[in-house]
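A short write-up of the structure that comes next.
Readers should treat all values here as calculations from the given coordinates under stated rules, not as data from a laboratory. These numbers come from a predicted model, not from an experiment. Cβ sites come from the backbone with ideal geometry, for glycine too, and all protein chains shown count toward neighbours.
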Amino acid sequence: MAQFFFALSLIALALMLGAVWQAGTPAWKKYQQEFHRLESVGEPNAAAKSAVLDTSLEIRQTLLPGLQRVDRCTTCHLGVEDPTMKNAAQPFTFHPNLAPHVPARFGCTICHGGQGLATDRQNAHGDVPFWQEPLLPKEYIRASCGRCHKEGEVPGVPELTEGRRLFETQGCRGCHKLNGVGGSIGPDLTEEGAIRRLPSWLDGISSTPIRSRAIRPCPISISPRNRRVR
């Protein structure tokens, strides 16, 4: 019995030491070290390279009180505003066409989704239970444009304009609210483009009755070509 408890104590100690080691060497530190190594390659002399390599490792965050969020994405995505990183692999690659959506003003998650406060990949990308805004796949990134662009056409986002036209001309507002205006028979669709992004969900609202209400399925058919419309 004594040997059993001794072995159990050793296992518990090993787990505790592993947890301490993991907390002290999070993945974001390794990312920053690798980024500094990449930056140092272009430095002209040993002193400059050493200065870059010695850059302190720290969590970077953007406070966005107007958007009610805090984003720490650039803790790992360090090259988003650095054109010299345009050919770098993720998470260091340069983000083209940012202007006028500079991270210091808008952050990242308002467009891309994800969990801004997190500092590990799985949680930051929102691949966890109960998080309703996971990272948008690249092909769906424009689904979130309507969050800020409430009216008018948005250059380069024809899906948003077409989606609004369909919403108004097909009678959707009679059952659904959008930005606080509309009916209450169906669910509020204001944030659906950012929360439920799978095409299967759009298919579902056209063919499946709303379980919370005893009504028939939505009478309007949504074609595959409009699946990215918010």
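Taking 14 Å as the straight-line reach from the Cα of K29, the aspartates and glutamates in range (excluding those fewer than 8 positions away in the same chain) are D54, E58, D120. In this structure, A89 and R147 have a Cβ-Cβ separation that, at R0 = 30 Å, corresponds to a calculated FRET efficiency of about 0.55.
Leaving out same-chain residues fewer than 8 places away, which lysines sit with a Cα under 23 Å from that of K177? Within the straight-line limit of under 23 Å, K177 reaches these lysines: K150.
Computed from label points 7 Å out along Cα-Cβ, the spacing between A104 and N123 is 2.8 nm.
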